[in-house]
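Chemist: Take this structure first; my questions come after.
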Amino acid sequence: MDRDHLAINRDIWNADAVNWVASAEDRWRQETPVWGNWNTPEAGLDMLPADMTGMDAIELGCGTGYVSGWMARRGARVTAIDISAEQLATARRIAAEHGAGITFIEGNAEATGLPDAAFDFAISEYGASIWCPPRAWLREARRLLRPGGRLVFLGNHPMSLVCSPLDGSPCDRTLHRPYRGMWGADWTGVTYEPTGICFNLTVSGWMEVFAETGFAVEGYHELYAPEGEEGTRGAVPADWARDYPVEQVWHLRRG
């Protein structure tokens, strides 16, 4: 993939930011975190430490910043970086309304320019975890973390990509793309709800990159849509997502 994913994704998110304001305000008001497109509860996932008092934490690809808000509420000193100025404008406004003292940075999560070993904890929910090439952002995450520091991230499950038609229409129960050699997908030219350039790997591909970049796996979750949900979210129908994993969560520790 030799297109400029950074410029493409930045421009798309700047143009689309207005459509995420209402959902951002809802998420900021959540007392207990919920995750991903299907609002998976925090209980059992343990995406965030229960008590983050005294911790230095960073969100890589923060968007509207609600995850950073949840970390600040748990006592962390939070830095959040995103490439979209418009998404950050929303994040800064809502953070100020909630009295959250978060340092927001407009920049590239693949090369933040922040000091080495500055953080105890890093997280990405549909941020760098899907919009940046895995080797690039994971190397940067490791550099930013102190020895023993933790990284948690959530993104699309590779099965959802394999079952996505080439025109971008919702997942179905047919294999449309090869699993072997998976790198992600360019959604800029599709017919159905075009977006940007996303990245993903096979499960073994992720494991190889973790080993290369110096992370040990401490946990893994495959997420499904809950019973009773209907409709389509993120181009994934609920009935599909009840039978097949739609999202994945990795818990890693820096060596």
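The values are calculated or read from the model by the stated rules, or taken from the named source; none is laboratory data. None of the values given here were measured: they were computed from a predicted structure. Here the Cβ is made from the backbone with ideal geometry for all residues, glycine too, and neighbour counts use every protein chain on show.
Chemist: Tally the residues that are in contact with a strand residue (DSSP E or B) (Cβ under 8 Å, 6 or more places away or on another chain) and either basic (Lys, Arg) or under 20 Å from Tyr179 (Cβ atoms) (or both), restricting the search to segment 204-216.
Modeler: 3
Chemist: Is it fair to say Glu208 is surrounded by 12 or more Cβ atoms within 10 Å (Cβ to Cβ), over 16 Å from the mean Cα position of the chain (by Cα) and free of Cβ contacts under 8 Å to residues at least 12 places away in the same chain?
Modeler: Criteria met by Glu208.
Chemist: How do the pairs read when you match residues in segment 182-204 that are surrounded by fewer than 17 Cβ atoms within 10 Å (Cβ to Cβ) with residues anywhere that are among the acidic types (Asp, Glu), using Cβ under 6 Å and keeping only pairs 6 or more apart or on different chains?
Modeler: Listed by first residue and then by second, the contacts come to Thr191/Asp167; Tyr192/Asp167.
Chemist: Give Gly69, Gly101 a once-over and let me know the one that is crowded, with 16+ Cβ neighbours inside 10 Å and either among the polar types (S, T, N, Q) or more than 28 Å from Arg135 (Cβ to Cβ) (or both).
Modeler: Gly69
Here's the yes/no breakdown for (1) at pLDDT below 95; (2) on the phi < 0 side of the Ramachandran plot; (3) part of a strand (DSSP E or B):
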site: Gly148; (1), (2), (3): no, no, yes
site: Phe153; (1), (2), (3): no, yes, yes
site: His176; (1), (2), (3): no, yes, no
site: Gly181; (1), (2), (3): no, no, no
site: Trp206; (1), (2), (3): no, yes, no
site: Glu218; (1), (2), (3): no, yes, yes
site: Ala225; (1), (2), (3): no, yes, no
site: Glu229; (1), (2), (3): yes, yes, no
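Chemist: Within segment 28-55, how many residues are in contact (Cβ under 8 Å) with a residue 40 or more places away in the chain and surrounded by 17 or more Cβ atoms within 10 Å (Cβ to Cβ)?
Modeler: Here the count works out to 12.
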